[in-house]
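K.L.:
This is the structure, below, for whatever I ask next.
The values are calculated or read from the model by the stated rules, or taken from the named source; none is laboratory data. What you see is a predicted model, and the numbers here were worked out from it, not measured in a lab. For neighbour counting, all protein chains shown are included, and Cβ atoms are generated from backbone atoms with ideal geometry for every residue, glycine included.
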Amino acid sequence: MNSERLAELAALIRYYIIVSTTEAGSGHPTSSLSATDLMTVLLFGGFFRTDLDNPKYVNNDRLIFSKGHASPLFYALYAAAGKVTEEELLSLRKFDSPLEGHPTMRFPYTEAATGSLGQGLSVGVGMALNAKYLDKLSYRTFVLLGDSEMAEGSVWEAMALAAHYKLDNLVAILDVNRLGQRGETMYGHHLDVYEERAQAFGWRALVIDGHDLEEIVRAYEQALGASHEKPVMIIAQTVKGKGVSLLADHENWHGKPLSPDDAKKAIAELGLIDKTLRGKVAQPDAKKPAAYKPKLVAIERRPNDMPVATRRVYGEALAKIHRQFPDIVALDAEVKNSTYSETFEEFYPDRFFEMFIAEQNMVGTAVGLSARGKLPFCSTFAAFLTRAFDQIRMAQYSDANITFVGSHAGVSIGEDGPSQMGLEDIAMFRTMRGSVVLYPSDAVSMEKLVEQCAAHHGIKYIRTTRGATSILYSDKDDFPIGGSKVVKSSKNDAATIVGAGVTLHEALKAYDILKKEGIAARVIDLYSVKPVDEKTLRKAAVETKHIITVEDHYPEGGLGEAVRSALPNVQVHSLAVTKMPRSGKTAELLGWEEIDAVAIVKTVKGLVSVQ
């Protein structure tokens with residue numbers, strides 16, 4: 001398409017941006033106007049290949065607006081392509097409209113929900129990894145970045161990993177419009193800073209005028225030309241509010257629409273607008289993902305009486321079910337020999353991605369892989385997943401299908417001390433809408449719950465134990481999500497002890513002590529912390545006089561509060577981590593925090609004695 005035609009399309013898109021944000025009375029027109037020329041050339045200059053009638057087609061090029069606040073531009077592009085009407089554009093930000101303030105999955109051309117800055121490039125890394133290494137498809141992934149979000153560390157995590165994996169099918173387009181929300185960005189229009197940093201991170205860097213259509217065309221031609229086994233960053237100098245003199249390069253217009261009167265003046269500045277004009281998007285190559293059938297693996301079975309850490313079982317379980325779930329991919333943050341994801345890598349190295357110590361990027365990459373139909377399992381120490389809480393939070397809005405596995409949870413990890421102890425992880429994952437939180441107590445339940453997660457769509461979390469634990473169950477036992485196991489019970493139970501993981505084993509020790517002293521207690525393995533087994537807990541509350549929860553986690557948001565949510569009118573006595581953790585032996589720390597068998601016995605006897 002020639003430059004004149006592209007200029008006419010850019011004017012039409014700017015018109016759409018102005019009228020939609022003015023009608024909405026909110027939005028980000030200035031951030032949209034600065035990137036209009038860059039995106040117009042990408043979509044309508046013959047570079048972006050997609051089947052607009054089939055947004056989910058496997059070999060479509062992928063476009064991610066990491067600067068999600070530029071959604072008016074995003075929607076306007078598809079209006080110019082004939083897929084959104086002007087009337088629909090005028091519904092921007094309204095309750096019933098799929099055109100939300102930042103892109104969500106309600107709009108069919110959205111690849112992932114964005115708007116929390118600094119995350120889109122990680123998602124793009126996941127999509128590019130999928131194309132190059134898994135599906136072996138020719139689609140390219142384009143990510144529009146804003147210069148303000150380049151202050152986010154997760155962007156540089158993504159850049160480092162993209163270079164490591166030689167993702168020459170990934171193109172980042174950096175809209176350097178100089179102005180952030182409250183004034184000039186860190187580097188303003190010093191494009192040399194971005195260029196030097198991109199090159200230092202192993203990227204090809206192309207510096208251009210982001211409003212010179214012919215220069216933009218040449219940049220895309222270079223970016224998509226002969227491969228140098230490097231991702232490409234197009235660094236474009238632009239003007240925030242380009243095309244409207246009232247807005248152009250002026251501060252204090254971020255996130256502010258034009259008034260109806262000012263909008264009329266702005267539209268007049270754009271010149272003649274041809275509302276009948278429609279841009280044509282190139283078609284993708286007709287391709288199918290590479291055929292893949294996991295090989296059958298044999299893992300030596302342990303003796304049934306051999307204690308084993310649930311974290312060790314994780315990688316084995318994943319390898320065992322991969323043939324049943326061939327879309328599984330494993331990601332780990334450089335602790336694979338502690339989470340034991342290395343076992344999966346041993347059998348399926350092409351389905352394992354080392355993400356290094358960059359948990360935020362690991363989660364964002366998993367979102368991208370999930371969007372392309374894979375089943376990512378992300379593992380690291382439970383404590384370090386808290387770094388990526390925002391990425392996990394945003395993953396739910398992308399309808400991501402990811403299983404997170406956190407090892408080294410609780411004070412029971414021992415001598416490593418509090419910096420390594422995941423004590424907030426259950427609470428964090430319980431806050432996710434529709435999430436699943438699982439805490440297996442032995443090797444059998446761990447294996448079964450890994451399989452349950454592979455079959456269940458959504459955000460799932462498995463908490464594993466560092467130390468070896470005894471086998472409690474047989475292969476005949478089932479562990480459905482939302483269930484629990486009544487491990488010990490009788491008709492004469494005076495109290496119910498609810499635990500999971502390490503504390504379940506402490507509860508069973510307490511059970512033996514109490515039994516010798518003539519006190520009958522029920523023990524429940526609450527392996528599914530969310531959703532919680534309300535039916536079993538209510539039955540226990542009716543049949544026993546006291547409910548005691550025990551957890552190796554802070555009391556806020558943990559297992560105890562999960563039980564309280566199921567028993568709103570029942571007094572629940574909770575033992576949890578309430579003292580400042582420190583280094584020590586496992587037994588010392590469980591005793592210090594009063595979540596061991598001794599503390600459980602003391603609590604039960606204290607309650608029973610006052611009946």
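K.L.:
Which ones in segment 33-60 are in contact with a strand residue (DSSP E or B) (Cβ under 6 Å, 6 or more places away or on another chain) and either part of a helix (DSSP H, G or I) or more than 21 Å from L213 (Cα to Cα) (or both)?
P.N.:
Of all residues in segment 33-60, those in contact with a strand residue (DSSP E or B) (Cβ under 6 Å, 6 or more places away or on another chain) come to 34-35, 38, 46, 49.
Across segment 33-60, the qualifying residues are S34, L38.
K.L.:
Then there's this: Which members of segment 292-310 meet the condition of being among the small types (G, A, S) and within 27 Å of the chain's Cα centre (by Cα)? Spell out the reasoning first.
P.N.:
At the first step, the residues of segment 292-310 found to be among the small types (G, A, S) are 298, 309.
Within segment 292-310, A309 is the sole residue that qualifies.
K.L.:
Out of curiosity, is A409 closer than 18 Å to L385 by Cα, of a type in the set (G, A, S) and buried (at least 24 other Cβ atoms within 10 Å of the Cβ)? Explain how you work it out, then say what you get.
P.N.:
Values: closer than 18 Å to L385 by Cα: yes; of a type in the set (G, A, S): yes; buried (at least 24 other Cβ atoms within 10 Å of the Cβ): yes.
Here the answer is yes, as A409 does meet what is asked.
K.L.:
Going through V604, V532, V523, V550 one at a time, which residue ends up being in contact with a Gly (Cβ under 6 Å, 6 or more places away or on another chain) and not small (G, A, S)? Give the steps one after another, and end with the answer.
P.N.:
Numbers: V604 fails: in contact with a Gly (Cβ under 6 Å, 6 or more places away or on another chain); V532 fails: in contact with a Gly (Cβ under 6 Å, 6 or more places away or on another chain); V523 fails: in contact with a Gly (Cβ under 6 Å, 6 or more places away or on another chain).
Every option except V550 fails the conditions.
K.L.:
Only one residue in A248, A286 is more than 30 Å from P440 (Cβ to Cβ), out of contact with any strand residue (DSSP E or B) (no Cβ under 7 Å at 6 or more places or on another chain) and outside the structural domain of F48 (by TED's automatic domain parsing), so which one is that? Explain how you work it out, then say what you get.
P.N.:
Values: A248 fails: outside the structural domain of F48 (by TED's automatic domain parsing).
A286 is the lone residue from the list that is more than 30 Å from P440 (Cβ to Cβ), out of contact with any strand residue (DSSP E or B) (no Cβ under 7 Å at 6 or more places or on another chain) and outside the structural domain of F48 (by TED's automatic domain parsing).
K.L.:
Output the residue which, of all residues in segment 362-406 that are in a helix (DSSP H, G or I), β-branched (V, I, T) and surrounded by 24 or more Cβ atoms within 10 Å (Cβ to Cβ), is farthest from the chain's Cα centre (by Cα).
P.N.:
Filtering segment 362-406 down to residues in a helix (DSSP H, G or I) leaves 362-371, 382-397.
Keeping just the survivors that are β-branched (V, I, T) gives 363, 365, 367, 386, 392.
Within this subset, residues satisfying the condition of being surrounded by 24 or more Cβ atoms within 10 Å (Cβ to Cβ) are 363, 365, 367, 392.
On the way: V363: 4, T365: 8, V367: 5, I392: 4 Å.
Only one residue fits best here, namely T365.
K.L.:
Are any residues in segment 178-208 under 20 Å from G225 (Cα atoms), surrounded by 15 or more Cβ atoms within 10 Å (Cβ to Cβ) and of a type outside the set (K, R), and if so, which ones? Full working, then the answer.
P.N.:
Step one: filter segment 178-208 for residues under 20 Å from G225 (Cα atoms), giving 195, 198-199, 202-208.
Subsequent filtering for residues that are surrounded by 15 or more Cβ atoms within 10 Å (Cβ to Cβ) retains 195, 198, 202-208.
Within segment 178-208, E195, A198, G202, W203, A205, L206, V207, I208 qualify.
K.L.:
Moving to a separate point now. Can you name the residue in segment 324-340 that is within 20 Å of A395 (Cβ to Cβ) and free of Cβ contacts under 8 Å to residues at least 60 places away in the same chain and, of all such residues, is surrounded by the most Cβ atoms within 10 Å (Cβ to Cβ)? Quick ask: steps written out before the conclusion?
P.N.:
Kept after step one, since they are within 20 Å of A395 (Cβ to Cβ), are these residues of segment 324-340: 325, 327-333, 339.
When the remaining residues are screened for being free of Cβ contacts under 8 Å to residues at least 60 places away in the same chain, the result is 327, 330-333.
Details: D327: 18, A330: 28, L331: 25, D332: 26, A333: 25.
By that ranking, first place goes to A330.
K.L.:
Out of D96, D61, D53, report the one residue that is acidic (D, E), modelled with pLDDT of 95 or more and surrounded by 17 or more Cβ atoms within 10 Å (Cβ to Cβ).
P.N.:
Details: D96 fails: surrounded by 17 or more Cβ atoms within 10 Å (Cβ to Cβ); D53 fails: surrounded by 17 or more Cβ atoms within 10 Å (Cβ to Cβ).
On inspection, the qualifying residue turns out to be D61.
K.L.:
Related question: When you go through G518, G467 one by one, which is the residue that is part of a loop (DSSP other than H, G, I, E, B), in contact with a helix residue (DSSP H, G or I) (Cβ under 9 Å, 6 or more places away or on another chain) and either hydroxyl-bearing (S, T, Y) or modelled with pLDDT of 95 or more (or both)? Show your work before the answer.
P.N.:
Numbers: G518 fails: in contact with a helix residue (DSSP H, G or I) (Cβ under 9 Å, 6 or more places away or on another chain).
After ruling out the rest, the residue left standing is G467.
K.L.:
While we're on this one: Return yes or no: is F429 crowded, with 24+ Cβ neighbours inside 10 Å and not acidic (D, E)?
P.N.:
yes
K.L.:
How many residues are of a type outside the set (A, V, I, L, M) and either outside any loop (DSSP other than H, G, I, E, B) or touching a helix residue (DSSP H, G or I) at 6+ places or on another chain (Cβ under 6 Å) (or both) if we restrict to segment 84-103? If you could, list the steps in order and put the result at the bottom.
P.N.:
From segment 84-103, those of a type outside the set (A, V, I, L, M) are 85-88, 91, 93-98, 100-103; that's our starting set.
Restricting the remaining residues to those that are either outside any loop (DSSP other than H, G, I, E, B) or touching a helix residue (DSSP H, G or I) at 6+ places or on another chain (Cβ under 6 Å) (or both) gives 86-88, 93, 102-103.
Within segment 84-103, residues that are of a type outside the set (A, V, I, L, M) and either outside any loop (DSSP other than H, G, I, E, B) or touching a helix residue (DSSP H, G or I) at 6+ places or on another chain (Cβ under 6 Å) (or both) number 6.
K.L.:
Ok, one more. For segment 222-246, name all the residues that are part of a loop (DSSP other than H, G, I, E, B) and either under 30 Å from Y15 (Cβ atoms) or aromatic (F, W, Y) (or both).
P.N.:
Correct list: L224, T238, V239, K240, G241, K242, G243, V244, S245, L246.
K.L.:
While we're here: Checking the condition surrounded by 14 or more Cβ atoms within 10 Å (Cβ to Cβ), touching an Asp or Glu at 6+ places or on another chain (Cβ under 6 Å) and either touching a residue at least 12 places away in the same chain (Cβ under 8 Å) or more than 30 Å from L38 (Cβ to Cβ) (or both), which residue from I267, I321, I234, I273 passes? Show your work before the answer.
P.N.:
Details: I267 fails: touching an Asp or Glu at 6+ places or on another chain (Cβ under 6 Å); I234 fails: touching an Asp or Glu at 6+ places or on another chain (Cβ under 6 Å); I273 fails: touching an Asp or Glu at 6+ places or on another chain (Cβ under 6 Å).
Step by step, each of I267, I321, I234, I273 is checked, and only I321 is surrounded by 14 or more Cβ atoms within 10 Å (Cβ to Cβ), touching an Asp or Glu at 6+ places or on another chain (Cβ under 6 Å) and either touching a residue at least 12 places away in the same chain (Cβ under 8 Å) or more than 30 Å from L38 (Cβ to Cβ) (or both).
K.L.:
Now a separate question. Could you look through segment 479-491, keep only residues that are assigned to a loop (DSSP other than H, G, I, E, B) and closer than 17 Å to G501 by Cα, and pick out the one that is farthest from the chain's Cα centre (by Cα)? Spell out how you get there, then give the answer.
P.N.:
Here is the first cut: in segment 479-491, the ones assigned to a loop (DSSP other than H, G, I, E, B) are 479-484, 489-491.
Now drop any that are not closer than 17 Å to G501 by Cα, which leaves 479-484.
Numbers: F479: 25, P480: 24, I481: 21, G482: 22, G483: 25, S484: 27 Å.
Selected residue: S484.
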